[in-house]
Amino acid sequence: TSGNPVYASTNSSSSVTTTLFSNSAGQGVVQTNSGHDLIFGTGSVEKVRIMSGGSIGIRTTTGSNTVNIGGAAGLGVKFHNFTSGNSSYITVESGDKLQSNVGGTGYFTWVTGGSEKVRITSAGSIGINSTSPDRRFTLYQDATTRMNLKSLANSTTGIEFGDPADHNIGYIVYDNTDDSMQFGVNAGERLRINQYGMMGLSVTSPDALLSVLAQNS
(Lines give C-alpha, C1' and ligand atoms only; values in the text may rest on other atoms or scores of the structure.)
Protein backbone atom coordinates (compact mmCIF):
# COMPACT_ATOMS: atom_id res chain seq x y z
CA THR A 1 0.00 0.00 0.00
CA SER A 2 1.08 3.62 -0.29
CA GLY A 3 1.25 3.95 3.46
CA ASN A 4 3.30 0.84 3.86
CA PRO A 5 5.16 0.19 0.56
CA VAL A 6 6.41 -3.28 1.50
CA TYR A 7 5.43 -6.55 -0.09
CA ALA A 8 6.46 -10.16 -0.14
CA SER A 9 6.53 -12.54 -3.09
CA THR A 10 7.66 -16.06 -3.67
CA ASN A 11 8.42 -18.11 -6.76
CA SER A 12 8.93 -21.83 -6.92
CA SER A 13 11.32 -21.60 -9.89
CA SER A 14 14.96 -21.85 -8.82
CA SER A 15 16.02 -19.64 -11.75
CA VAL A 16 13.97 -16.63 -10.62
CA THR A 17 14.96 -14.22 -7.85
CA THR A 18 12.62 -14.21 -4.88
CA THR A 19 11.95 -10.74 -3.47
CA LEU A 20 11.22 -10.88 0.22
CA PHE A 21 10.77 -7.18 0.97
CA SER A 22 10.88 -4.08 -1.21
CA ASN A 23 9.30 -0.70 -1.68
CA SER A 24 7.36 0.22 -4.81
CA ALA A 25 10.47 1.71 -6.47
CA GLY A 26 12.63 -1.30 -5.64
CA GLN A 27 15.06 0.89 -3.69
CA GLY A 28 15.09 -1.13 -0.49
CA VAL A 29 15.41 -4.79 -1.29
CA VAL A 30 15.94 -8.10 0.46
CA GLN A 31 16.22 -10.95 -2.02
CA THR A 32 17.29 -14.51 -2.51
CA ASN A 33 18.63 -15.87 -5.80
CA SER A 34 19.06 -19.18 -7.55
CA GLY A 35 22.39 -19.69 -5.76
CA HIS A 36 20.63 -19.40 -2.39
CA ASP A 37 22.41 -16.14 -1.50
CA LEU A 38 20.65 -13.58 0.69
CA ILE A 39 20.96 -10.09 -0.82
CA PHE A 40 20.39 -6.68 0.81
CA GLY A 41 20.14 -3.55 -1.30
CA THR A 42 19.44 0.16 -0.86
CA GLY A 43 19.05 2.88 -3.45
CA SER A 44 18.39 0.18 -6.09
CA VAL A 45 21.97 -1.08 -5.63
CA GLU A 46 23.12 -4.23 -3.86
CA LYS A 47 25.16 -3.43 -0.73
CA VAL A 48 25.52 -6.65 1.28
CA ARG A 49 25.31 -10.33 0.34
CA ILE A 50 25.36 -13.38 2.58
CA MET A 51 26.54 -16.16 0.29
CA SER A 52 25.29 -19.72 0.45
CA GLY A 53 28.69 -20.88 1.73
CA GLY A 54 28.53 -18.50 4.70
CA SER A 55 30.82 -15.75 3.39
CA ILE A 56 29.69 -12.12 3.63
CA GLY A 57 30.23 -9.66 0.78
CA ILE A 58 30.09 -5.90 1.35
CA ARG A 59 29.82 -4.03 -1.96
CA THR A 60 31.01 -7.20 -3.72
CA THR A 61 29.09 -10.22 -4.99
CA THR A 62 31.96 -12.71 -4.81
CA GLY A 63 34.71 -13.76 -2.43
CA SER A 64 35.91 -16.83 -0.59
CA ASN A 65 37.00 -15.08 2.63
CA THR A 66 34.73 -14.89 5.65
CA VAL A 67 34.19 -11.15 5.02
CA ASN A 68 34.84 -9.63 1.59
CA ILE A 69 34.83 -5.85 1.03
CA GLY A 70 34.81 -4.40 -2.47
CA GLY A 71 34.58 -1.03 -4.16
CA ALA A 72 36.52 1.62 -6.07
CA ALA A 73 37.76 3.65 -3.07
CA GLY A 74 37.58 3.94 0.70
CA LEU A 75 37.73 0.22 1.42
CA GLY A 76 38.24 -0.46 5.06
CA VAL A 77 37.12 -1.36 8.53
CA LYS A 78 36.71 1.11 11.37
CA PHE A 79 36.47 0.36 15.09
CA HIS A 80 35.11 2.96 17.50
CA ASN A 81 35.24 2.92 21.30
CA PHE A 82 32.23 4.84 22.61
CA THR A 83 33.72 5.05 26.11
CA SER A 84 37.08 6.62 25.19
CA GLY A 85 35.99 8.20 21.93
CA ASN A 86 39.01 6.70 20.15
CA SER A 87 38.72 5.16 16.70
CA SER A 88 40.96 2.74 14.85
CA TYR A 89 40.75 1.81 11.21
CA ILE A 90 42.40 -0.15 8.40
CA THR A 91 41.73 1.04 4.86
CA VAL A 92 42.98 0.30 1.37
CA GLU A 93 43.26 3.59 -0.49
CA SER A 94 43.77 4.33 -4.18
CA GLY A 95 47.07 3.03 -5.52
CA ASP A 96 46.73 -0.13 -3.39
CA LYS A 97 47.96 1.69 -0.28
CA LEU A 98 47.23 0.01 3.05
CA GLN A 99 46.56 2.67 5.67
CA SER A 100 45.96 2.10 9.35
CA ASN A 101 45.34 4.26 12.38
CA VAL A 102 44.99 3.66 16.09
CA GLY A 103 43.34 6.28 18.26
CA GLY A 104 44.54 7.39 21.68
CA THR A 105 47.98 6.37 22.93
CA GLY A 106 47.81 2.75 21.83
CA TYR A 107 49.75 0.88 19.19
CA PHE A 108 49.07 -0.95 15.94
CA THR A 109 50.09 -4.56 15.38
CA TRP A 110 50.09 -7.17 12.63
CA VAL A 111 49.54 -10.74 13.80
CA THR A 112 50.19 -13.78 11.59
CA GLY A 113 50.59 -17.43 12.46
CA GLY A 114 49.01 -16.75 15.84
CA SER A 115 51.70 -14.33 17.06
CA GLU A 116 52.56 -10.66 16.69
CA LYS A 117 55.07 -9.94 13.93
CA VAL A 118 55.03 -6.14 13.53
CA ARG A 119 54.24 -3.30 15.95
CA ILE A 120 54.04 0.46 15.41
CA THR A 121 54.02 2.32 18.70
CA SER A 122 52.25 5.61 19.41
CA ALA A 123 55.70 7.28 19.28
CA GLY A 124 56.19 6.08 15.69
CA SER A 125 58.76 3.36 16.41
CA ILE A 126 58.55 0.14 14.37
CA GLY A 127 59.38 -3.27 15.76
CA ILE A 128 59.61 -6.50 13.74
CA ASN A 129 59.42 -9.44 16.15
CA SER A 130 59.81 -6.83 18.89
CA THR A 131 56.92 -5.66 21.08
CA SER A 132 58.93 -2.83 22.66
CA PRO A 133 61.18 -1.26 20.01
CA ASP A 134 63.62 1.17 21.65
CA ARG A 135 64.77 2.69 18.35
CA ARG A 136 62.82 4.04 15.38
CA PHE A 137 63.34 0.64 13.73
CA THR A 138 64.09 -2.59 15.60
CA LEU A 139 64.52 -5.97 13.90
CA TYR A 140 64.81 -8.92 16.30
CA GLN A 141 65.42 -12.62 15.79
CA ASP A 142 66.34 -15.29 18.33
CA ALA A 143 69.04 -16.70 16.03
CA THR A 144 71.29 -15.00 13.45
CA THR A 145 69.62 -11.82 12.22
CA ARG A 146 70.21 -10.44 8.74
CA MET A 147 68.50 -7.83 6.61
CA ASN A 148 68.78 -8.31 2.86
CA LEU A 149 68.96 -5.53 0.26
CA LYS A 150 68.80 -6.75 -3.32
CA SER A 151 68.98 -5.15 -6.76
CA LEU A 152 69.73 -6.12 -10.36
CA ALA A 153 73.26 -7.16 -11.38
CA ASN A 154 73.79 -3.81 -13.12
CA SER A 155 72.71 -1.70 -10.16
CA THR A 156 73.60 -0.91 -6.54
CA THR A 157 72.18 -1.44 -3.07
CA GLY A 158 72.91 0.67 -0.03
CA ILE A 159 71.99 2.55 3.09
CA GLU A 160 72.01 6.34 3.22
CA PHE A 161 72.45 8.64 6.23
CA GLY A 162 71.56 12.30 6.31
CA ASP A 163 69.45 15.16 7.55
CA PRO A 164 66.58 17.24 6.14
CA ALA A 165 69.01 19.40 4.17
CA ASP A 166 71.07 16.53 2.73
CA HIS A 167 69.46 13.11 2.79
CA ASN A 168 72.53 11.09 1.69
CA ILE A 169 75.54 12.98 3.05
CA GLY A 170 76.77 9.62 4.38
CA TYR A 171 76.25 6.22 2.80
CA ILE A 172 77.25 2.58 2.50
CA VAL A 173 76.84 1.18 -1.02
CA TYR A 174 77.51 -2.19 -2.63
CA ASP A 175 78.01 -1.93 -6.40
CA ASN A 176 76.91 -5.12 -8.15
CA THR A 177 78.56 -4.07 -11.43
CA ASP A 178 82.12 -4.45 -10.08
CA ASP A 179 81.45 -6.12 -6.70
CA SER A 180 82.90 -3.26 -4.66
CA MET A 181 81.85 -1.89 -1.29
CA GLN A 182 81.93 1.91 -0.93
CA PHE A 183 81.71 4.10 2.16
CA GLY A 184 80.82 7.77 1.82
CA VAL A 185 81.35 10.61 4.30
CA ASN A 186 80.41 14.27 3.80
CA ALA A 187 78.81 13.49 0.42
CA GLY A 188 81.95 11.89 -1.02
CA GLU A 189 83.45 8.41 -1.23
CA ARG A 190 86.18 7.94 1.37
CA LEU A 191 86.74 4.18 1.47
CA ARG A 192 86.38 1.44 -1.16
CA ILE A 193 87.02 -2.30 -0.99
CA ASN A 194 87.17 -3.89 -4.43
CA GLN A 195 86.32 -7.43 -5.48
CA TYR A 196 89.88 -8.62 -4.73
CA GLY A 197 89.93 -7.28 -1.17
CA MET A 198 92.12 -4.28 -2.00
CA MET A 199 91.29 -1.22 0.08
CA GLY A 200 91.45 2.37 -1.09
CA LEU A 201 91.34 5.37 1.26
CA SER A 202 90.13 8.24 -0.93
CA VAL A 203 91.13 6.02 -3.86
CA THR A 204 88.40 4.63 -6.09
CA SER A 205 90.68 2.20 -7.99
CA PRO A 206 93.07 0.65 -5.45
CA ASP A 207 95.94 -1.29 -7.02
CA ALA A 208 97.47 -2.59 -3.79
CA LEU A 209 96.22 -4.16 -0.59
CA LEU A 210 96.12 -0.60 0.79
CA SER A 211 96.13 2.53 -1.37
CA VAL A 212 96.01 5.92 0.34
CA LEU A 213 95.54 9.36 -1.15
CA ALA A 214 96.19 12.26 1.24
CA GLN A 215 93.51 14.91 1.25
CA ASN A 216 94.09 18.61 1.78
CA SER A 217 92.96 19.78 5.18
**OP:** Kindly report the accessible area of the stretch 40-79 per residue (heavy atoms of protein chains, probe 1.4 Å, no ligands, DNA or RNA), in Å².
**Re:** 63 Å²
Original post:
Percent of accessible area on the stretch 124-195 owned by carbon and sulfur, 1.4 Å probe?
Top reply: 52 percent
Subject >> Heavy-atom SASA rank of K78, K47 (probe 1.4 Å, accessible area, largest first) >> reply: K78, K47
Subject >> Charge dipole of the stretch 111-214 about the Cα centre (unit charges at C-beta), most positive-ward option of F183, T157, I128 >> reply: I128
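Using a simple charge model, +1 on the beta-carbon of Lys and Arg, -1 on the beta-carbon of Asp and Glu, nothing else, what dipole does the stretch 114-217 show about its Cα centre, in debye to the nearest 20? Don't skip to the answer; put the middle values down first.
Details: 8 positive and 11 negative charges, 67 e Å.
The dipole of the stretch 114-217 has a size of about 320 debye.
Write down the accessible area per residue of the stretch 107-157 in Å², having rolled a 1.4 Å probe over the full set of protein chains.
On the way: 3960 Å² over 51 residues.
Counting only protein heavy atoms, the per-residue value for the stretch 107-157 is 78 Å².
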Original post:
If one computes the Cα centroid of the stretch 26-77 and of the stretch 109-143, what distance in Å separates the two points?
Top reply: 36 Å
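The values are calculated or read from the model by the stated rules, or taken from the named source; none is laboratory data. Worth saying up front: this structure is predicted, and the values here are computed from it rather than measured. Neighbour counts run over all protein chains shown; Cβ positions are idealised from the backbone, glycine included. Please note that ligands, DNA and RNA were not included when accessible areas were found on the heavy atoms of the full protein model with its side chains. Shrake-Rupley method; radii C 1.70, N 1.55, O 1.52, S 1.80 Å.
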